[in-house]
Amino acid sequence: MKIVVCVKYVPDATADRKFNADNTVDRVGVQGMLSELDEYAVEEALKIRDGDESGDAQVVVLTMGPADARAAILKSLQMGADSGVHIVDDAIHGSDSVGSSLLLAKAVERQGADIVLCGMASTDGSMSVIPAMLAERLGVPQVTFASEVTVDGNTVRVRRDGDAATEVIEASTPLVLSVTDQSNEPRYPSFKGIMAAKKKPVEEITLADLGVAAGDVGLEAAWTKVEAYAERPPRSAGAIVTDEDGTGANQLVEFLAAQKFV
Amino acid sequence: MSEILVLVDHVDGSVRKTTAELLTLARRLGEPSAVFFGSQIDAARDALKHYGAERVYVLDSADLSDYLVAPKAEALAQLVEAQQPAAVLIPSNAEGKEIAGRLSIKTGSGLITDAVDVQPRDGGVTTTQSVFAGDYTVTASVTKGTPIVTVKPNAVTPEPAEGSAAERTVDVDVSDAAKTARIVERRPREATGRPELNEAAIVVAGGRGTSGDFATVEAFADALGAAVGASRAAVDAGWYPHAYQVGQTGKTVSPQLYVAAGISGAIQHRAGMQTSRTIVAINKDAESPIFELVDFGVVGDLHSVLKSATEQALARKR
Ligand SMILES: Cc1cc2nc3c(=O)[nH]c(=O)nc-3n(C[C@H](O)[C@H](O)[C@H](O)COP(=O)(O)OP(=O)(O)OC[C@H]3O[C@@H](n4cnc5c(N)ncnc54)[C@H](O)[C@@H]3O)c2cc1C
Ligand SMILES: Nc1ncnc2c1ncn2[C@@H]1O[C@H](COP(=O)(O)O)[C@@H](O)[C@H]1O
């Protein structure tokens with residue numbers, strides 16, 4: 001069994017995230033990392049691999065992004081994935097979800113996969129659409145937003161906690177699976193894992209390897225355009241009272257009453 | 001006038017507030033047509049008419065309800081091909097975004113998710129989104145195909161307007177390829193009697209500081225007619241169900257008033273509540289980052305403050 005995990009290299013949410021002059025997300029000038037939500041996808045892949053009885057299961061991590069995005073692959077390899085594939089090409093810059101899903105789908109087809117595993121959302125774009133788009137492009141079932149996963153032979157069964165109901169969904173491989181942060185507890189790389197990762201293969205591929213023309217992806221080819229961005233004005237400093245004398249609740253209710261909330 | 005398709009969000013025919021919001025937005029762009037998946041149109045008809053739907057397309061088939069997302073995307077794509085609308089508006093929840101993603105690929109159309117505003121422009125649309133945990137807003141437009149936009153709750157105040165709601169039953173023809181992820185079990189979420197978290201005008205949320213006792217949080221919420229929310233720390237501890245989590249991996253809320261009790265204000269929590277109109281926090285640590293966001297803050301023990309505030313709020317009501 002082969003599991004391909006799509007992981008994204010994203011700007012650290014606790015750093016000051018920024019935009020470039022062309023209105024794209026700054027992925028170079030801001031400290032980047034493996035998207036925290038993709039750690040759950042890597043962990044789930046490792047669990048499925050280690051539970052596989054055939055013993056020949058392998059986990060390939062796939063990322064698309066600038067040279068630095070290799071860090072996302074490295075972290076996944078340290079956690080225990082077997083090998084990495086990095087789509088890196090200047091023409092990719094500024095791709096929207098349509099362009100990204102095209103490249104990821106081509107790379108998955110090139111690898112061949114029984115399970116394509118994704119996070120529930122990227123922590124920068126947070127669109128939550130790439131997994132569905134991948135399933136659409138690959139023509140395979142999607143079992144997405146899984147908060148619990150069971151794999152039995154080629155049957156995958158997941159629990160999806162939706163807005164109005166909890167559903168149990170079942171499909172056969174090959175398929176696209178995405179997992180939420182409720183699905184597992186991602187492991188920390190061990191010292192042994194960090195050492196072992198240094199020797200694991202990472203293949204760099206370009207658009208040419210995927211048979212995609214430069215004009216089909218990137219900023220110019222995107223079907224959407226970010227026209228402007230603006231920093232949200234800081235909230236004006238509020239009134240802060242201490243409850244030392246026991247009047248906190250009183251003042252709170254006065255404030256709420258003045259705003260007509262009570 | 002050009003037709004705007006609005007995907008109806010409903011639970012057993014009971015139309016969600018977000019649908020009224022989407023229909024209100026659609027009226028700015030053209031003539032709204034509601035797209036209704038399911039068998040309970042009788043329960044939904046009046047609400048759709050009341051918020052200005054000129055047409056109602058009803059698509060009802062077990063194929064749509066027995067499988068995840070793909071059949072709905074296929075049926076919607078067929079409708080888009082047939083009607084050639086000027087735009088498609090879809091609720092920004094997990095299912096809505098996934099339908100939108102597939103529709104985008106199927107129809108060769110650009111997709112924008114999580115809009116908090118949609119305006120007409122040059123025959124197309126421009127959208128506003130709140131990004132990076134609400135630290136930035138961006139404006140964007142679709143440059144190819146039929147604009148597909150998923151819209152967040154509370155993007156606009158719903159304005160009633162009578163539509164003619166001309167109804168048409170649409171034949172549903174779903175391919176076998178779309179019927180592969182089977183829903184084998186379905187457990188509806190239990191009603192709490194409180195407002196829906198992401199629709200509520202007021203949200204009172206509790207965090208690790210509650211130490212697991214949500215009774216004071218719930219009592220204060222009920223005194224204000226509010227929904228109850230929770231931080232991930234409270235959810236992970238098993239104190240409150242995940243469906244009520246506010247934040248990056250829970251719900252995003254944008255109410256008139258958000259009360260954070262015993263919540264520190266981590267970036268992932270802020271991502272779900274930072275755009276609330278008025279923010280109030282009760283926290284015993286004056287240095288807690290949540291106080292950087294507040295309009296009004298109380299440094300103190302949440303249980304004693306909320307208990308007394310609940311009594312006073314109820315007394316004012318009487
Ligand atoms: C990938 C990822 C996704 C995440 N998604 C989310 C998300 O969707 N939502 C979310 O909330 N978090 C999310 N988190 C977790 C987030 O980083 C924080 O850990 C979490 O929000 C902390 O919850 P808290 O504020 O309740 O707890 P803490 O940070 O522990 O804060 C508790 C607060 O309570 C105060 N307090 C304690 N006792 C009292 C008392 N008696 N009276 C008054 N105040 C008191 C303390 O001073 C403290 O400020 C995510 C994290 C990751 C890595
Ligand atoms: N550039 C990328 N490289 C690899 N995987 C990605 C990339 N962008 C998105 N993904 C995958 O798609 C998921 C959802 O992303 P999104 O639709 O952008 O919110 C992520 O959790 C990843 O698994």
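Karplus-derived 3J(HN,Hα) values for segment B:176-182, using 6.51 cos²θ - 1.76 cosθ + 1.60 with θ = phi - 60°, are 4, 4, 8, 9, 10, 9, 8 Hz; glycine and proline are entered as x.
Once you have the Kirkwood Rh of segment B:26-100 from its Cα pairs, apply Stokes-Einstein at 4 °C and 1.567 mPa s and quote D in µm²/s. Rounded, D is 98 µm²/s. Interface residues of segment B:293-314, defined as those losing at least 50 Å² of solvent-accessible heavy-atom surface relative to the isolated chain (probe radius 1.4 Å), are listed as B:Asp295, B:Phe296, B:Val299, B:Gln312. Chains B and A together bury roughly 6900 Å² of accessible surface, counting both sides and using a 1.4 Å probe on protein heavy atoms. Of the residues B:Ile282, B:Thr252, B:Ser231, the one whose Cα sits farthest toward the positive end of the charge dipole of segment B:188-318, with +1 on the Cβ of Lys and Arg and -1 on the Cβ of Asp and Glu, is B:Thr252. Sorting B:297-305, B:97-105 by their mean Cβ neighbour count within 10 Å, with the most densely packed peptide first, gives B:97-105, B:297-305. Normalised by 2.2 N^0.38 Å, where N is the number of residues, the C-alpha radius of gyration of segment A:78-119 stands at 1.30.
What ranking, highest mean first, results for peptides A:63-75, B:21-33 when packing means the other Cβ atoms within 10 Å averaged over each residue? Walk me through the intermediate numbers first.
Working: A:63-75: 20.3, B:21-33: 23.7.
Order by mean packing, descending: B:21-33, A:63-75.
For segment B:270-318, the per residue solvent-accessible surface stands at 46 Å², with DNA, RNA and ligands left out and a 1.4 Å probe. Of interest is the spacing of the C-alpha centroids, which for segment A:24-60 and segment B:62-141 amounts to 28 Å.
Considering every alpha-carbon pair of segment B:131-255, the percent of pairs per 5 Å bin, from zero through the bin containing the longest distance, is 2, 8, 12, 13, 15, 13, 13, 12, 7, 4, 1.
Per residue of B:241-253, how many C-beta atoms from partner chains lie within 10 Å of its own C-beta, taken as a mean?
Working: counts 1, 6, 5, 0, 2, 0, 0, 8, 11, 2, 1, 1, 0.
Across the residues of B:241-253, the mean count of other-chain Cβ atoms within 10 Å is 3.
Charged side chains reduced to their Cβ positions (Lys and Arg at +1, Asp and Glu at -1) give chain A a dipole of some 420 debye around its Cα centre.
Between the amide H of A:Ile240 and those of B:Gly297, distances stay under 5 Å, these residues lying 5 or more places away or on another chain, with hydrogens modeled in the peptide plane. Compared with its chain on its own, segment B:87-119 contains the following residues whose accessible area drops by 30 Å² or more in the full protein assembly (probe 1.4 Å; ligands, DNA and RNA excluded): B:Ala94, B:Lys97, B:Glu98, B:Arg102, B:Ile105, B:Leu111, B:Thr113. For chain B, the longest principal axis of the C-alpha atoms and the axis of helix B:215-224 are separated by about 60°. Amide H to amide H, with H built 1.01 Å from N, B:Glu167 comes under 5 Å of B:Val56, counting only residues 5 or more places away or on other chains.
Between segment A:130-182 and segment B:240-317, what is the separation of their alpha carbon centroids in Å? Comparing the Cα centres of segment A:130-182 and segment B:240-317, I get a distance of 34 Å.
Taking the accessible area of segment B:202-317, probe 1.4 Å, and keeping the other protein chains in place, the carbon and sulfur fraction comes to 48%. Residues of segment B:132-149 buried by at least 10 Å² of accessible area upon assembly of all protein chains, compared with the chain on its own (1.4 Å probe): B:Phe132, B:Gly134, B:Asp135, B:Tyr136, B:Thr137, B:Val138, B:Thr139, B:Ala140, B:Ser141, B:Thr143, B:Lys144. Think of a 1.4 Å ball rolled over the protein heavy atoms: segment A:11-56 then has 47 Å² of accessible area per residue. Taking chain A as a Gaussian network, Cα atoms linked when under 10 Å apart, which of A:Asp89, A:Asp163, A:Asp50 shows the biggest mean-square fluctuation? Most flexible of the set in this elastic network: A:Asp163.
Give me the accessible area per residue for segment B:8-112, probe 1.4 Å, as a whole number in Å².
Working: 3120 Å² over 105 residues.
Per-residue accessible area for segment B:8-112 comes out at 30 Å².
Across peptide A:218-227, what mean number of C-beta atoms from other chains lies inside 10 Å of a residue's C-beta?
6
Axis of helix A:248-258 versus longest Cα principal axis of chain A: the two differ by about 90°, to the nearest ten degrees. Normalising the Debye intensity of segment A:2-221 to I(0), with uniform scatterers on Cα atoms only, and taking log10 at q = 0.10, 0.11, 0.15 Å⁻¹ returns -0.41, -0.50, -0.95. Taking every alpha-carbon pair in segment B:202-317 and binning the separations at 5 Å intervals from zero gives 2, 14, 25, 28, 21, 8, 2, 0 percent.
Between Rg and the Kirkwood Rh of chain B, both from Cα atoms, what is the Rg to Rh ratio?
Numbers: Rg = 20.9 Å, Rh = 20.8 Å.
So for chain B, dividing Rg by the Kirkwood Rh gives 1.01.
Pairwise alpha-carbon distances in segment A:1-69 exceed 18 Å for 48% of all pairs.
Per-residue ellipticity at 222 nm for chain B, helices alone: DSSP H runs ≥ 4 residues times -39500 (n - 2.57), over residue total, nearest 500 deg cm²/dmol?
Taking each H run of at least 4 residues, the total per residue is -8500 deg cm²/dmol.
Taking θ as phi - 60° and the Karplus parameters 6.51, -1.76 and 1.60, the scalar couplings of segment A:190-200 work out to 8, 4, 4, x, 5, 5, 5, 4, 4, 9, 7 Hz in sequence order, x denoting glycine and proline.
Enter the angle in degrees (range 0 to 90, nearest 10) between the Cα long axis of helix A:70-79 and the first principal axis of the Cα atoms of chain A, meaning the one along which they spread out most. In chain A, helix A:70-79 runs at an angle near 80 degrees to the longest axis.
Normalised by residue number, the volume inside the convex hull of the Cα atoms of the protein assembly as shown is 152 Å³ per residue. Only alpha carbons enter this Debye calculation for segment B:3-178, each as an equal point scatterer, and the log10 of I(q)/I(0) it gives at q = 0.09, 0.13, 0.20 Å⁻¹ is -0.27, -0.57, -1.42.
The values are calculated or read from the model by the stated rules, or taken from the named source; none is laboratory data. Model, not experiment: these values are computed from the prediction. Reconstructed Cβ throughout: ideal geometry from the backbone, glycine too, with neighbour counts over all protein chains shown. These area figures cover heavy atoms from the full protein model, side chains too; ligands, DNA and RNA do not enter into them. Shrake-Rupley method; radii C 1.70, N 1.55, O 1.52, S 1.80 Å.
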